[in-house]
Every structure is written in C-alpha cells, then in structure tokens.
Amino acid sequence: MNPIEQQLREAVGKFKQDQVFRFWDELDGGGRERLLGDLSQVDFSLMNRLVDTWVKNTPKAEPFERIEPVPVIPVVDPARPDAQEALAVGEQALRDGRVGLFLVAGGQGTRLGFDGPKGSYPIGGLTGKTLFQYHAEKIINLQRHYDCVLPWYIMVSQANGPATQSFFETNEYFGLNSDDVYFITQHMVPCVDDQGKFMLEDRDHLAMNPNGHGGCIQAMVEHKVLDDARNRGIDTLCYFQVDNWAVKVADPYFIGYHLQANAEMSSKNHRKHKPREAVGVHCLCDGVYHVIEYSELDIYPQLLETDANGNVVYYAGNPAIHILSVDFVQRVYDNFDQFPWHLAHKKIPFIDEGGQRVAPESPNGYKFETFVFDALRMATHEPVALEIEPPGEYTPTKQFEGDNSVVAARESMTNFWAKWLDASGSSVPRDANGKATIAIEISPLFARTCDEFVAKSAGKTWPVGSDLIVSEDGSVGG
C-alpha cells in the first residue's frame, strides 16, 4: 500500500466512510487512481461538520430579532449629481487599471437543451454568437474606450473546464489577449445520502458537486488570482455569472459608487414584483447586510410580505452582480471556516451495494454549497446596494422556454435594443403591447451603450422593416 492510499484509508476510516472502498478489489490500476484522486480532494473535517450540522441534526434558522429592507441607491439617472460623481470615479478607476473581471462559468447547458459549457451556448438568435462571445465583445469595447486592460478571471468546473478552454482557443479568445484570460477550477465536495454517507457515482468515482459560487473565494486565492491582480495594480473585481447575457461587465457607475463608499463588497439588485420570484432577497438582519436565498424564504415569512397596494415590501432581488475588493477576498478566505454553507435535497444517481447504477425518482441525498453573497455579512464597511432595471442588465438563462429562459432573454434584448434604434431616429415596428415585431442584435463592439449607438448612428437610417443585425463596423448583417 502506497503512502497516499494509506493516508486516505486512515482518513476514511476515522470518519466512518469505509463504504467508498466497497468495490476496491474489482478496480484496475486506473480505477483505483481515480478513486484516490477524488478522496484526496475531500476536506474530511469539513464534511464531518456539515453532516453533523445538516443531516444528523435538524439545523436551526439563524435567529434574527429584526429584519429590514436594505437601503438602496435608486436606478441610475445620468442627470443626478450623485450619478455624475460616481461615473467620474468609476471611469477613472478603469483608466487607472484598477479593475478586473471575475466570471462564474462552471455550468453545463443541459437545461437549455445544449451539450457543452453554458457559456458556449449560441444565445444570439440571429447571429449565433455565444454568451462567452458577447461578454468578450463588451470587454474589448471597454478596453478600447478606457485605454485599459481588463483581465478576465473565469471560474470553471471539473466537468466543463477542458471544454471551456478549448472553446476559447478554437475561437482565438474572441479577439482578447490570451495572457489576460485566466481559467481556474472550483472545488468539488462529496454528495451524501440520508445517513450522511458519501455516495458513489461509479465504482471508482465519488458522487460530487461543485462547492457553489461562494467557492470563488477559495479559488481566487488558491489559484493565484489575487496575486495576478495585485501584480497588475488591480484592487477591484467585478463579479458576474455567465448566463446573464445583458450584464454590464464593468459598469463605471457601479464601480464609482462602490469606491466612493470605500466598500469591501457591493451588490446590484432589482425590484421584485412577486414575493416568490426565484431570486434571493437583499435585507438587513439585525443591522447586518444579508441575502436570503429564495429557497430559504419560507424560514423568514416576513420576506414574502406585500403592502396594501400589493407591492413586495422586501423588493431588493439578487441578480448576482457584485464588486469585491481584492483585500476583502483575502480576508474572507483567511476566515473561510466561518463561511456559511447551504443544503439542497436532490435526486442523485448512485451505485448501489450490488454495483448497479440507480437513477432515483425522488430526492435521495444532499448537496452542500456556498453562496458568494454570504460574504456581504463579513464586510466591515457598509456594502453599496444599487438598484437596476432588468432590461439591458439582467437576462438569466436557466432553461430554453418560460421564465428565465433563452426565449425570454432574446425578447428582452430585442426590446432593449429597439429603444436604441428609436433614439437614433429609426422607429422599430411594435405590436399592440409595445413589443418589437422584429428581432434585433447589436454587437457590443459597435456600441456598448445607447449614447454610443446614437452617436455612431448620426446621419444613418437603420433598416428596421425586418430582423436587424448591427455588426462591429456598423454594417447590417453578418
């Protein structure tokens, strides 16, 4: 028995997880190596604590005496003095090279009916441009406009990491400098059954899941993102998720508000119109900034309240757009043993005692994950909460049709861009409900904002009688 196997067997025995070696004698050398590789990733003390807290006992909700709506900066009006001041600060930070970008892109496109990393999904209904390409084009526009470099740190999963990197290489990094695109892989954690035992996905492989977007804290430190950022003079990281087509990847207004407040972490939020909209809720819990995940809202029923007019009282929904300071990420990492974990009861395929693969019809096990927004409660300076309007900023794509879907995102972006065309003097045809009756795509390489589009459209009439693609050079189609 080699030293690594001996060490792992001792850990497995200490924490009473010996069942993972059930098929050891049947495995060849490669299979044994794969199983030991999985086990080497496991933080056994952490998993033991999570099982004791969440599975073997009934966890108690955090006891808050007072929950209040979070103070919010209203949607940006460029004419407001505070917005003008924030813009100046944010734009200067971009010019000074203080800003980096952090993208969470560990998901697969399965729910979209797509085989591959979600970021490689062709979100552009007319052009077929992928989510990754749209984000890259925004970055290139920003770099040109502010004469800066915006390094792009991309967190992938073990499941999609190689395919994601290959996709970037095949597409020549969409015109970005490959030295400024940095891939990191997030941690995996074992799934457990109802008794807290590790499950096998195959005879030589643990059933595991990514440790949630909160795992970006560990990944940034352990994969040297913070070192790279500091070497570049970056102190501010703009966080977003790959499935949000519309996101403003480095919004100078948001950056400015964050820096003016000397905040360590800040978040955008959007107004909820339904109590059970599937987003977390920003709020103050005993005076401390929290986001309560939508799956946990029933624990705090006041967060579902509406006023006399039917408006949601705790309306600040979470679109997963944040800013974190580099030093803050390091401090949270140094205290990550205090970081909250969350539990999800899921249907987890597994190998039974007889070696047969089982696809359960009901939840049979637990997945543990962390949420990056829980870092907000660890901030010593009050976070900034900036309200946004979803059109042009928030188009989550969780499935192909229905709410938060590809179809809804395409419709949202078409109607958003239609307003740009109207502003430029080319009125878009609309139906009785005011929705555009054509499909529209405008390359971020041509225009990132309505003002930029209007300026570049001077003296030009756009052909809006049919579907319209505006390319990088302002030509139509292609």
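Annotations for the structure displayed:
- Filtered residue count, the stretch 400-421, keeping only those that are exposed (fewer than 15 other Cβ atoms within 10 Å of the Cβ) and not acidic (Asp, Glu): 2
- For beta carbons closer than 7 Å, sequence separation of 6+ or different chains, a first residue in the stretch 154-168 that is closer than 11 Å to Ser120 by Cα and a second that is of a type in the set (Ser, Thr, Tyr) and surrounded by 19 or more Cβ atoms within 10 Å (Cβ to Cβ), the qualifying pairs are Phe167/Ser120.
- Within the stretch 286-322, considering residues that are in contact (Cβ under 8 Å) with a residue 40 or more places away in the chain and in a helix (DSSP H, G or I), the one nearest to the chain's Cα centre (by Cα): Ser295
- The residue that is nearest to the chain's Cα centre (by Cα), counting only those in the stretch 366-381 that are crowded, with 17+ Cβ neighbours inside 10 Å and in a loop (DSSP other than H, G, I, E, B), is Phe371.
- Residue match in the stretch 342-351 (condition: aliphatic (A, V, I, L, M), in a strand (DSSP E or B), under 26 Å from Val247 (Cα atoms) and at pLDDT 95 or above): no
- For the stretch 422-455, filtered to residues that are surrounded by fewer than 15 Cβ atoms within 10 Å (Cβ to Cβ) and of a type in the set (Lys, Arg), the residue that is farthest from the chain's Cα centre (by Cα) is Arg430.
- Set Gly175, Gly128, Gly119, Gly161: member being surrounded by fewer than 17 Cβ atoms within 10 Å (Cβ to Cβ) and under 25 Å from Gln399 (Cβ atoms): Gly128
Yes/no per residue for (1) farther than 24 Å from Gln241 by Cα; (2) at pLDDT 95 or above:
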residue: Tyr289; (1), (2): no, yes
residue: Glu296; (1), (2): no, no
residue: Gln302; (1), (2): yes, no
residue: Asn318; (1), (2): no, yes
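- Per the conditions (1) surrounded by 11 or more Cβ atoms within 10 Å (Cβ to Cβ); (2) in a loop (DSSP other than H, G, I, E, B); (3) touching a Leu at 6+ places or on another chain (Cβ under 9 Å), the sole criterion not satisfied by Pro78 is (1).
The values are calculated or read from the model by the stated rules, or taken from the named source; none is laboratory data. As the structure is a prediction and not an experimental result, all values here were calculated from the model. Note that we place each Cβ from the backbone using ideal geometry, even for glycine, and neighbour counts take in every protein chain shown.
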